[in-house]
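The values are calculated or read from the model by the stated rules, or taken from the named source; none is laboratory data. A quick note: this is a predicted structure, and the numbers were derived from the prediction, not measured. Because the Cβ atoms are built from the backbone with ideal geometry, glycine has one as well, and the counts that use them run over all protein chains shown. Please note that ligands, DNA and RNA were not included when accessible areas were found on the heavy atoms of the full protein model with its side chains. Shrake-Rupley method; radii C 1.70, N 1.55, O 1.52, S 1.80 Å.
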Amino acid sequence: MKSEQFSAEIATALPEIMTSDRFLRVALTTLQKVPKLQTCSQESLCQALLDCASLGLEPDNRRAHLIPYGNNVQLIVDYKGVVELVMRNGDVRKLHADIVYEKDVFEYDRGEVTKHSIVFDKDRGQPIAAYCIATLKSGETSAAVMTVDEINAIRDKAKSGKSDPWVNHWGEMAKKTVFKRLAKWLPMTPEVKAAAEYGDDPVLNAKPIAAPIFDSDFLPETDEITMNDETIPEGVNA
């Protein structure tokens, strides 16, 4: 990851608004926070980072998550990452998603969310639904609503359904799920569509966004790799 060759590949994949130095610093920090990533294959880790760079997102485990899945790394883009890409590309003027709880006042009529009132000083109960509203550049609005059962049914079919984003960030993943249903009716760039979909398929069957760059000379042959001036013992991939 510190090699000039990989840094150059990341720089090529990134949009102009981001630098490879910052991107790789964020990636190395994520590896230190999630040690299990260091036991995954170098090829899958580097490919996930290239895909993340191609989308123009940092692998900070907030907008884009690096998830160890067996011996492979899976990239999952959550709702915050999708929103950032949507707003950056100007396809949608405004995008709002939220979770509806039992004691909220929520009204949905003929494809429109007409009311969502929250009393913050009281227990809101359990989540019952999620919704997303998009306002296009023309001023036209479109909305989608999904129940918790519908969202969890999709979660349970995904290989990543028991991974960190769904376990610790259910609300963000629920928002992403309902956004994906709404996205069928929205004009979006290929990059945003790829970001919304990436990570929903088993990692072994996922199609890379960036063209694979690995050959016999790309990955290091040494048994030790230095990360932030600390040596990782032999047998641990990074």
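Within the shell of other residues whose beta carbon sits under 11 angstrom from the beta carbon of residue 30, the net charge comes to +1, with Lys and Arg scored +1 and Asp and Glu -1.
A simple spin-label model places pseudo-atoms 7 Å from Cα toward Cβ; at residue 89 and residue 141 they are separated by 2.4 nm.
Would you mind getting the accessible area per residue of segment 38-134, heavy atoms of the protein chains only, 1.4 Å probe, in Å²?
Details: 4260 Å² over 97 residues.
I get 44 Å² per residue for segment 38-134.
Size of segment 1-134 from its Cα atoms: along the principal axes, largest to smallest, the extents are 55, 33, 25 Å.
Carbon-plus-sulfur fraction of the accessible area of segment 1-74, 1.4 Å probe, in percent? Could the numbers behind the result be given before it?
Numbers: 1560 of 3200 Å².
Carbon plus sulfur share of accessible area: 49 percent.
Could you work out what % of the accessible surface of segment 123-170 is carbon and sulfur, using a 1.4 angstrom probe and leaving DNA, RNA and ligands out of the count?
On the way: 1300 of 2640 Å².
Within segment 123-170, the accessible surface is 49 percent carbon and sulfur.
Estimated at the nearest 10 Å², the accessible area of residue 117 is 50 Å² with a 1.4 Å probe.
For a Förster distance of 30 Å, can you work out the FRET efficiency between the beta-carbons of residue 153 and residue 114, rounded to the nearest 0.05? Each step should come with its number before you reach the end.
Details: r = 26 Å, r/R0 = 0.87.
FRET efficiency, residue 153 to residue 114: 0.70.
The accessible area of residue 17, taken with all protein chains in place and a 1.4 Å probe, comes to roughly 120 Å². To the nearest 10, the accessible area of residue 148 is 20 Å² with a 1.4 Å probe.
Short-range pairs are left out: with C-alpha atoms under 8 Å and at least six residues apart, the relative contact order of segment 1-50 is 38 percent. Listed cross-link partners 122/184; 36/176; 33/115; 137/162; 2/175; 80/157 are compared with a 29 Å cut-off, the Cα-Cα value being larger for 122/184; 33/115; 137/162; 2/175.
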